[in-house]
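Q: Below you'll find the structure I mean.
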Amino acid sequence: MSANTKQMANAIRALSMDAVQQANSGHPGMPMGMADIATALWSPENKFFKHNPADSKWADRDRFVLSNGHGSMLLYSLLHLTGYNLSMADIKNFRQLHSKTAGHPEYGFADGIETTTGPLGQGIANAVGMALSEKLLAQEFNKKDHTIVDHKTFVFLGDGCMMEGINHEVASLAGVWRLSKLIALYDDNSISIDGRVTPWFHDNTPERFEAYGWNVIRAVDGHDAAAVAKAIEQANVNAAADTGPTLICCKTRIGEGSPNFADTDKVHGAPLGAAEIAATRAAIGWEYEPFVVPQDVYDDWNSKDTGAAAQAKWQKAFDAYAKKFPTEASEFMRRMKGELPADFDAVMGDYLKQCADKAETIATRKASQNAIAAYAKALPEFLGGSADLTGSNLTNWPDCKPVRADSWGNHINYGVREFGMSAIMNGITLHGGYLPFGATFLTFSDYSRNALRMAALMKIRTLFVFTHDSIGLGEDGPTHQPVEHVASLRLIPNLDVWRPCDTTESGAAWGEAIKRADGPAALIFSRQNLQFMKRNATQTKNIAKGGYVLRDVKADEEVAQIVLMATGSEVDLIVKAADVLASKGVSTRVVSVPCADVFFRQSAAYKKSVLTEGVARVAVEAGVTDTWWRYHCNAVIGLERFGESAPAGELFKLFGFTVDNVVNTALSVLQK
């Protein structure tokens, strides 16, 4: 390695402690402790990390994930030093309003940030998803003598990531899938916010990972860049031999270079202070003012030429591939760009017409499976799965193939790993090339929740499928009956929560979730059969608006006296209640709201046209009522307690989800 390696690492240390000090906020310890590891991996001289600062979206670049995202200044320093569009002004603006350099790395804020990290453990999960995508795309698109997919996924992680349970879920899957191009570098510094971790974390981490099927390189001196480089060389040998993922265990001192705070919790999450920064500069031999990096260090870090050469080499190979396999090349680029087939709207329209023609009364989980099967014919990028509930969630489809270590597939058996599944799917989406969806029971969405939140925060198209959506699942009882879950999911900004009432709405929900490129969706389906609803063409089109008039007053009645609103299984209930009310002379409008989030994004004029102003409103949903009051309802029929173990029909009657109760509630509202 370069004789200037130590100064390259010290540049990271200096930028990190200076930026944290100026912001008076942040985590200098990890960047200072991992600086030598980062130098070994990212040094252009070593050519371990294949990337091009001029094109951060190049399809065959290596991926880098900072799972211990609190040490964000490590990543920002690397991006700045190697030549990405991240200026010294951006470094100085660390943790400030609208800065590219947020407190934790945020996807989309700056070139080179592959994922948003901070919630510990999810970064390694995203990395597993990225590595799986690379393997599957290589199996799908590479041809003899023509390789266009061949890159690695590198991830840094620390003790906190190792403690989080999701780490176990995804590391196990990475071993099972034999993701040999996944290389993790573990910052083993034995310090967390509460201090030295031994009293609460004394796992034998190397043996744990070996049990998963990983290659483990033990006891690497994390402050010896040459030793780390040698370990990475061995990891590359493992990748070439396809022997499974590699964990490199690097023993480090948090805050390395700080004379008084290194190897203590004091340097974990607070500025060093002016005096300690001065002492650190002297200790590491960094003679420069804050935010000054000498040109020779910039020169050693500059990766523009090596990056351009690496991309040019790939482009030449891709051009040869495209000449021989033009269809596959076009399809690969479409999918890597996240574009849908040009005819997808037509495919969706044809399928919704089929739903109307068949008019099936089936469970919406089955309607969901039918939609998956229809859209899969047009979307080879579909990558489905389930957390050990395929036969219940119905996320498989004809001709889908299981993902296995030695064979390509497009349906994943995640095992009982809801959180891991969801975070892996985010990594798949971020990598590009596949459109992932995965399922579990709605009541277990709590296990997945933070991954859903991260997808919404990153504005990425990950599809989360939840079945068995209410007390309608019956005898399994309150442990499995969702009550608060639909309302809770609606609280997550930028997450579209769809709860369709029949086959047509289910097909539309899937289609709209697929078409939306700037956020995830939660698709929620019933266990029990739901009545098919007839619609005209306008009503079918308006499903895409999240809420629409499903049944209206008679032609000779100018305006409804009351509006009944519902989602999912309760739509049939309010339709029947409207018929009874009509027989009593009460003109009633029935509004289906399959996605309140989408409905609220509509124009004020449209919402007013659906929810007639000044008319009483009653909402019905088999769950907690909180999110319905924003519609200014006069009454909400819901469920403010847990369910019971009994047949579904008995439960709906017990909790007041009956035609009589809806009718009586409506009449009571009108009498006030």
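The values are calculated or read from the model by the stated rules, or taken from the named source; none is laboratory data. The shown structure was predicted, so the numbers you read here are calculated from the model rather than taken from an experiment. As a convention, Cβ positions derive from the backbone with ideal geometry for all residues, glycine included, and neighbour counts pool all protein chains shown. The accessibility values were calculated without ligands, DNA or RNA, using every heavy atom of the protein model including side chains. Shrake-Rupley method; radii C 1.70, N 1.55, O 1.52, S 1.80 Å.
Q: Return the only residue of Lys377, Lys358, Lys401, Lys353 being more than 17 Å from Leu179 (Cα to Cα), basic (Lys, Arg) and touching a residue at least 40 places away in the same chain (Cβ under 8 Å). Break it down into steps so the answer makes sense when it comes.
A: Details: Lys377 fails: touching a residue at least 40 places away in the same chain (Cβ under 8 Å); Lys401 fails: touching a residue at least 40 places away in the same chain (Cβ under 8 Å); Lys353 fails: touching a residue at least 40 places away in the same chain (Cβ under 8 Å).
On inspection, the qualifying residue turns out to be Lys358.
Q: Inspect all residues belonging to the range 285-306 and state whether any of them is among the acidic types (Asp, Glu), closer than 30 Å to Ala138 by Cα, surrounded by fewer than 16 Cβ atoms within 10 Å (Cβ to Cβ) and out of contact with any helix residue (DSSP H, G or I) (no Cβ under 8 Å at 6 or more places or on another chain).
A: Checking the range 285-306: at least one residue is among the acidic types (Asp, Glu), closer than 30 Å to Ala138 by Cα, surrounded by fewer than 16 Cβ atoms within 10 Å (Cβ to Cβ) and out of contact with any helix residue (DSSP H, G or I) (no Cβ under 8 Å at 6 or more places or on another chain).
Q: Moving on. Counting just the residues of the range 102-134 that are of a type in the set (Gly, Ala, Ser) and in a loop (DSSP other than H, G, I, E, B), which one comes out most open to solvent (accessible area, probe 1.4 Å)?
A: So in the range 102-134, the residues of a type in the set (Gly, Ala, Ser) come out as 102-103, 108, 110, 112, 118, 121, 123, 125, 127, 129, 131, 133.
From the residues that got through so far, the ones that are in a loop (DSSP other than H, G, I, E, B) too are 102-103, 108, 110, 112, 118, 121.
Details: Ala102: 12, Gly103: 17, Gly108: 64, Ala110: 11, Gly112: 18, Gly118: 21, Gly121: 0 Å².
By that ranking, first place goes to Gly108.
Q: Within 28 Å of Lys358 (Cβ to Cβ), touching a strand residue (DSSP E or B) at 6+ places or on another chain (Cβ under 9 Å), in contact (Cβ under 8 Å) with a residue 40 or more places away in the chain and not in a loop (DSSP other than H, G, I, E, B): is that true of Ala544 in this structure?
A: no
Q: Of the residues that make up the range 322-341, is at least one assigned to a helix (DSSP H, G or I), basic (Lys, Arg) and in contact with a helix residue (DSSP H, G or I) (Cβ under 7 Å, 6 or more places away or on another chain)? Walk me through how you get there before you give the answer.
A: We begin by selecting, within the range 322-341, every residue assigned to a helix (DSSP H, G or I); these are 322-324, 326-336.
Those still in the list that are basic (Lys, Arg) too: 323-324, 334-335.
Subset that is in contact with a helix residue (DSSP H, G or I) (Cβ under 7 Å, 6 or more places away or on another chain): none.
So far as the range 322-341 goes, no, none of its residues is assigned to a helix (DSSP H, G or I), basic (Lys, Arg) and in contact with a helix residue (DSSP H, G or I) (Cβ under 7 Å, 6 or more places away or on another chain).
Q: Can you name every residue in the range 638-668 that is under 17 Å from Gln481 (Cβ atoms), of a type outside the set (Gly, Ala, Ser) and open to solvent by less than 50 Å² (accessible area, probe 1.4 Å)?
A: Selection gives Leu639, Leu651, Phe652, Phe655, Phe657.
Q: Further, regarding this structure: Hey, can you tell me all the residues within the range 523-541 that are assigned to a loop (DSSP other than H, G, I, E, B) and surrounded by fewer than 24 Cβ atoms within 10 Å (Cβ to Cβ)? Give the derivation first.
A: Of the range 523-541, the ones assigned to a loop (DSSP other than H, G, I, E, B) are 525-528, 531-536.
Correct list: Arg527, Gln528, Gln531, Phe532, Met533, Lys534, Arg535, Asn536.
Q: Considering only residues that are touching a strand residue (DSSP E or B) at 6+ places or on another chain (Cβ under 6 Å), closer than 19 Å to Leu120 by Cα and aliphatic (A, V, I, L, M), which ones fall in the range 418-439?
A: Once the filter is applied, which keeps residues that are touching a strand residue (DSSP E or B) at 6+ places or on another chain (Cβ under 6 Å), closer than 19 Å to Leu120 by Cα and aliphatic (A, V, I, L, M), the range 418-439 yields Met421, Met425, Ile428.
Q: Take residues that are under 17 Å from the mean Cα position of the chain (by Cα) and either small (Gly, Ala, Ser) or surrounded by fewer than 24 Cβ atoms within 10 Å (Cβ to Cβ) (or both) and tell me which of the strands (runs of 3 or more DSSP E) falling wholly in the range 421-522 contain 3 or more. Steps first, answer last, please.
A: Values: elements: 435-441, 463-467, 496-498.
It comes to 435-441.
Q: If you don't mind, another one. Select the helices (runs of 4 or more DSSP H) contained entirely in the range 144-252, then report the ones holding at least 2 residues which are more than 23 Å from Met73 (Cα to Cα) and among the hydroxyl-bearing types (Ser, Thr, Tyr). Please lay out each step first, then the result.
A: Values: elements: 159-163, 165-176, 205-212, 225-241.
Of the helices (runs of 4 or more DSSP H) lying wholly inside the range 144-252, those with at least 2 residues that are more than 23 Å from Met73 (Cα to Cα) and among the hydroxyl-bearing types (Ser, Thr, Tyr) span 205-212.
Q: Can you tell which of Ala19, Ala23, Ala35 is of a type outside the set (D, E, K, R) and open to solvent by 10 Å² or more (accessible area, probe 1.4 Å)?
A: Step by step, each of Ala19, Ala23, Ala35 is checked, and only Ala23 is of a type outside the set (D, E, K, R) and open to solvent by 10 Å² or more (accessible area, probe 1.4 Å).
Q: Looking only at the range 506-563, how many residues end up being aromatic (Phe, Trp, Tyr) and closer than 13 Å to Val598 by Cα?
A: The qualifying residues number 1.
Q: Would you be able to tell me the number of residues in the range 600-611 that are open to solvent by less than 30 Å² (accessible area, probe 1.4 Å) and either free of Cβ contacts under 8 Å to residues at least 12 places away in the same chain or part of a loop (DSSP other than H, G, I, E, B) (or both)?
A: Number satisfying all stated conditions: 1.
Q: Going through the range 552-587 one residue at a time, which ones are in contact with a helix residue (DSSP H, G or I) (Cβ under 6 Å, 6 or more places away or on another chain), of a type outside the set (A, V, I, L, M, F, W, C) and either surrounded by fewer than 23 Cβ atoms within 10 Å (Cβ to Cβ) or assigned to a strand (DSSP E or B) (or both)?
A: Across the range 552-587, the qualifying residue is only Lys576.
Q: Can you find even one residue in the range 531-552 that is acidic (Asp, Glu) and within 26 Å of Ala616 (Cβ to Cβ)?
A: Pass one, the range 531-552, residues acidic (Asp, Glu): 552.
This time we only want the ones that are within 26 Å of Ala616 (Cβ to Cβ), so: 552.
Scanning the range 531-552 turns up at least one residue that is acidic (Asp, Glu) and within 26 Å of Ala616 (Cβ to Cβ).
Q: State the number of residues belonging to the range 357-375 that are part of a helix (DSSP H, G or I) and surrounded by fewer than 18 Cβ atoms within 10 Å (Cβ to Cβ).
A: 3
Q: Return the residues of the range 318-353 that are under 19 Å from Leu435 (Cβ atoms), open to solvent by 80 Å² or more (accessible area, probe 1.4 Å) and β-branched (Val, Ile, Thr); say none if nothing qualifies.
A: Correct list: empty.
Q: Give the range 80-101 a look and list any residue that's of a type in the set (A, V, I, L, M), assigned to a loop (DSSP other than H, G, I, E, B) and more than 20 Å from Gly307 (Cβ to Cβ), or say none.
A: The answer is Leu97, and nothing else.
Q: Could you say whether any residue in the range 198-208 is among the polar types (S, T, N, Q), free of Cβ contacts under 8 Å to residues at least 24 places away in the same chain, surrounded by fewer than 18 Cβ atoms within 10 Å (Cβ to Cβ) and closer than 30 Å to Tyr414 by Cα?
A: Checked against the condition, which is being among the polar types (S, T, N, Q), free of Cβ contacts under 8 Å to residues at least 24 places away in the same chain, surrounded by fewer than 18 Cβ atoms within 10 Å (Cβ to Cβ) and closer than 30 Å to Tyr414 by Cα, the range 198-208 yields at least one hit.
Q: Something else about it: Would you be able to say whether some residue in the range 378-389 is within 18 Å of Phe441 (Cα to Cα), under 21 Å from the mean Cα position of the chain (by Cα) and open to solvent by 10 Å² or more (accessible area, probe 1.4 Å)?
A: yes
Q: Across the range 307-317, which residue is nearest to Leu379 (Cα to Cα) among those that are small (Gly, Ala, Ser) and either buried (at least 17 other Cβ atoms within 10 Å of the Cβ) or within 26 Å of the chain's Cα centre (by Cα) (or both)?
A: Per the stated criteria, the residue is Ala310.
Q: Restricted to the range 135-192, and to residues that are aromatic (Phe, Trp, Tyr) and over 22 Å from Thr252 (Cα atoms), which residue is surrounded by the fewest Cβ atoms within 10 Å (Cβ to Cβ)? Break it down stepwise before answering.
A: Here is the first cut: in the range 135-192, the ones aromatic (Phe, Trp, Tyr) are 141, 154, 156, 177, 186.
Pick out the ones that are also over 22 Å from Thr252 (Cα atoms) and you get 141, 177.
Working: Phe141: 19, Trp177: 22.
Out of the qualifying residues, it is Phe141.
Q: Looking for something touching a residue at least 40 places away in the same chain (Cβ under 8 Å), in contact with a helix residue (DSSP H, G or I) (Cβ under 8 Å, 6 or more places away or on another chain), surrounded by fewer than 17 Cβ atoms within 10 Å (Cβ to Cβ) and of a type in the set (Gly, Ala, Ser) - is there at least one such residue anywhere in the range 621-636?
A: Among the residues of the range 621-636, not one is touching a residue at least 40 places away in the same chain (Cβ under 8 Å), in contact with a helix residue (DSSP H, G or I) (Cβ under 8 Å, 6 or more places away or on another chain), surrounded by fewer than 17 Cβ atoms within 10 Å (Cβ to Cβ) and of a type in the set (Gly, Ala, Ser), which makes the answer no.
Q: Is there a residue in the range 60-79 that is open to solvent by 20 Å² or more (accessible area, probe 1.4 Å) and outside any loop (DSSP other than H, G, I, E, B)?
A: yes
Q: Still on this structure, I have one more. State whether one or more residues within the range 41-56 are open to solvent by less than 10 Å² (accessible area, probe 1.4 Å) and among the basic types (Lys, Arg).
A: No, the range 41-56 has no match at all.
Q: Filter the range 386-417 down to the residues that are small (Gly, Ala, Ser) and either out of contact with any strand residue (DSSP E or B) (no Cβ under 8 Å at 6 or more places or on another chain) or on the phi > 0 side of the Ramachandran plot (or both) and list them by number.
A: If the condition is that a residue be small (Gly, Ala, Ser) and either out of contact with any strand residue (DSSP E or B) (no Cβ under 8 Å at 6 or more places or on another chain) or on the phi > 0 side of the Ramachandran plot (or both), then Gly391, Ala405, Ser407, Gly415 are the ones that fit.
Q: Restricting the search to the range 267-278, which residues are assigned to a helix (DSSP H, G or I) and open to solvent by 30 Å² or more (accessible area, probe 1.4 Å)?
A: Ala274, Ala275, Ala278
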